[in-house]
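Participant: Got a structure for you, questions after.
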Amino acid sequence: MITTLPIPEYGERRQRLAQQLPPHSAVLLPAARLRYRNRDAEYAFRQQSDFLYLSGFNEPDALLLLLTDADSDCESILFVQPRDPAQEVWTGYRAGAEGAVEQFGFDRGFTLDEQDQQLPDLLGECRQIYFPFSGQDGLGSRIQGWCQQLQSRSRCSDSAPQQLANIEPLLHQLRLIKSDNEQQLLRRAGAISAQAHRLAMQNCRPGRFEYQLEADIQHYFGHQGCRFAAYGTIVGSGANGCILHYTQNRDAMQGGDLVLIDAGCELDGYAGDITRTFPVNGRFSDDQKALYQWVLDAQLAAIAVVKPGARFDDPHQAALEVLVTGLVELGLLEGVIEELIESQAYKPFYMHRTSHWLGLDVHDVGDYRRDDDSRVLEPGMVLTIEPGLYIAPDNDQVEARWRGIGIRIEDDLLVTDQGHEVLSAAVPKQVADIEALMSTTVAADND
């Protein structure tokens, strides 16, 4: 598969990374490997995100090499599986070394079986080698082997690279600010994900199973060219909505319960991430509506503070103030708002943060703090806003009418020069709008 992003953008990313490295440096980055779910059946292949970001290359078991010269200009080299017509009949066509250059814009391409021959020489002028310290499948040991080969060939202890360093901090900083093309993909991923949520609302009714709503969502993703969800879809009805990462999706949905859906598509590697909570029968009860409105007000307060110059933690603090006020107003907590926030008395009802970065990974890379302070938001950053309240079914400290209600509302936001853009705005979240959307389908089913 060739990415829909312009191939030159990957070269620009490699050059931007190279400009941050010392002269005569190397970067080595491995692709993902095929993983087996059982015997001869493989998991669907998903490229490692850092590798995908710099290459656009979607085959397993490749190795990317960047070399910087005295001016920190970059030469890019890709080691790939060789062309093998007999094997390709079974597993699909490969780009090969020639395709690395012709299709993906690399300066040179080699096959994987040339690594041990080529890499010691290619690394010969390098003083530092950067590679990912996490999840690198033994790459560090292989690098040491190549350096030892280089040293033994030259018989000079100074000829081999003298320093190994982690590439991830520099690379993840680049990934945090999305280009115009990335923003377009995330905007489209948000729109597809939003429409899938709308369809789930319209198809929901008592007696259907959670997995059927999951199937409705996945069906729409596939029809829009997104074969896979960005993460395991959560469809939690009733008390299942209080389980943050509930993915069994196996229960029948009951009239009078809420259902929480957390789902997003993956479009060319980029993730949507939306959560909505709505009544199975299309109408909120008074208690559900009261709790839901406080979560919605908290989300709107958090969204309002997203703009350049704000800090990453500001939406969380804005949401907390509203949520804790709501918990006191509803009688679920007692005390002074500021003291309850300071003591984290809300934790039994709201145990997660309000935001995370979004991009090639659903929990995307990038620091949340710098110099012991919350990170300042900049145009091009994309983050979620997702407050919630979860009243555990066994919480005997609250009135029985609240128990087993789980509510989360999540949208995807792009930080812009003017403030922010809600990428997932097409799916309703106001009580009246949700009920209006669901009522048309309920009425049609009753005809």
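The values are calculated or read from the model by the stated rules, or taken from the named source; none is laboratory data. These numbers were taken from a predicted model, which means no experiment stands behind them. All Cβ positions, glycine included, derive from the backbone under ideal geometry; neighbour counts span all protein chains shown. Side chains included, ligands, DNA and RNA excluded: accessible areas come from the protein's heavy atoms. Shrake-Rupley method; radii C 1.70, N 1.55, O 1.52, S 1.80 Å.
Participant: Does Ala165 count as more than 14 Å from Leu267 (Cα to Cα), of a type in the set (A, V, I, L, M, F, W, C) and outside any helix (DSSP H, G or I)?
Facilitator: Yes.
Participant: Is there a residue in segment 368-381 that is assigned to a strand (DSSP E or B), charged (D, E, K, R), in contact with a Leu (Cβ under 7 Å, 6 or more places away or on another chain) and open to solvent by 30 Å² or more (accessible area, probe 1.4 Å)?
Facilitator: Scanning segment 368-381, I find no residue that is assigned to a strand (DSSP E or B), charged (D, E, K, R), in contact with a Leu (Cβ under 7 Å, 6 or more places away or on another chain) and open to solvent by 30 Å² or more (accessible area, probe 1.4 Å), so the answer is no.
Participant: Quick check on segment 326-348. Is at least one of its residues under 26 Å from Leu171 (Cα atoms) and modelled with pLDDT of 95 or more?
Facilitator: no
Participant: Could you tell me whether any residue of segment 279-294 is outside any helix (DSSP H, G or I), hydroxyl-bearing (Ser, Thr, Tyr) and surrounded by fewer than 24 Cβ atoms within 10 Å (Cβ to Cβ)?
Facilitator: Yes, segment 279-294 contains a residue that is outside any helix (DSSP H, G or I), hydroxyl-bearing (Ser, Thr, Tyr) and surrounded by fewer than 24 Cβ atoms within 10 Å (Cβ to Cβ).
Yes/no matrix, rows are residues, columns are (1) in contact (Cβ under 8 Å) with a residue 40 or more places away in the chain; (2) open to solvent by 50 Å² or more (accessible area, probe 1.4 Å); (3) assigned to a loop (DSSP other than H, G, I, E, B):
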site: Gln195; (1), (2), (3): yes, yes, no
site: Arg198; (1), (2), (3): yes, yes, no
site: Met201; (1), (2), (3): yes, no, no
site: Leu213; (1), (2), (3): yes, no, no
site: His219; (1), (2), (3): no, yes, no
site: Arg227; (1), (2), (3): yes, yes, yes
site: Gly232; (1), (2), (3): no, no, yes
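Participant: Any chance segment 119-127 includes a residue that's in contact with a helix residue (DSSP H, G or I) (Cβ under 7 Å, 6 or more places away or on another chain) and assigned to a loop (DSSP other than H, G, I, E, B)?
Facilitator: Yes, segment 119-127 contains at least one residue that is in contact with a helix residue (DSSP H, G or I) (Cβ under 7 Å, 6 or more places away or on another chain) and assigned to a loop (DSSP other than H, G, I, E, B).
Participant: Okay, next question. Specify which of the listed residues (Arg33, Arg46, Arg13) is of a type outside the set (S, T, N, Q), touching a residue at least 12 places away in the same chain (Cβ under 8 Å), open to solvent by less than 10 Å² (accessible area, probe 1.4 Å) and farther than 20 Å from Arg127 by Cβ.
Facilitator: Arg13
Participant: Can you name the number of the only condition in (1) open to solvent by less than 40 Å² (accessible area, probe 1.4 Å); (2) part of a helix (DSSP H, G or I) that Gln317 fails?
Facilitator: For Gln317, the exception is condition (1).
Participant: Give me a count of the residues in segment 148-178 that are modelled with pLDDT of 85 or more and either hydrophobic (A, V, I, L, M, F, W, C) or closer than 23 Å to Tyr231 by Cβ (or both).
Facilitator: Number of matching residues: 12.
Participant: All but one of (1) open to solvent by 50 Å² or more (accessible area, probe 1.4 Å); (2) at positive phi; (3) touching a residue at least 24 places away in the same chain (Cβ under 8 Å) hold for Gln344; which doesn't?
Facilitator: (3)
Participant: Now, a different point. Report, by residue number, each residue of segment 287-342 that is under 27 Å from Asp371 (Cβ atoms) and not hydrophobic (A, V, I, L, M, F, W, C).
Facilitator: Scanning segment 287-342 gives Lys307, Pro308, Gly309, Arg311, Asp313, Asp314, Pro315, His316, Gln317, Glu321, Glu338, Glu342.
Participant: Being in a loop (DSSP other than H, G, I, E, B) and over 27 Å from the mean Cα position of the chain (by Cα), is that true of even one residue in segment 243-250?
Facilitator: No.
Participant: Restricting to segment 174-187, name every residue that is assigned to a helix (DSSP H, G or I), under 15 Å from Val362 (Cα atoms) and touching a Leu at 6+ places or on another chain (Cβ under 9 Å).
Facilitator: Within segment 174-187, Arg175, Glu182, Gln183, Leu185, Leu186, Arg187 meet the criteria.
Participant: Quick check on Ala18: is it touching a Cys at 6+ places or on another chain (Cβ under 7 Å), open to solvent by less than 10 Å² (accessible area, probe 1.4 Å), under 21 Å from Ile129 (Cβ atoms) and among the small types (Gly, Ala, Ser)?
Facilitator: Considered against the rule, which asks whether it is touching a Cys at 6+ places or on another chain (Cβ under 7 Å), open to solvent by less than 10 Å² (accessible area, probe 1.4 Å), under 21 Å from Ile129 (Cβ atoms) and among the small types (Gly, Ala, Ser), Ala18 comes out as yes.
Participant: Quick check on Asp364: is it within 19 Å of the chain's Cα centre (by Cα), within 30 Å of Gln173 (Cβ to Cβ) and in contact (Cβ under 8 Å) with a residue 60 or more places away in the chain?
Facilitator: Answer is yes for this residue.
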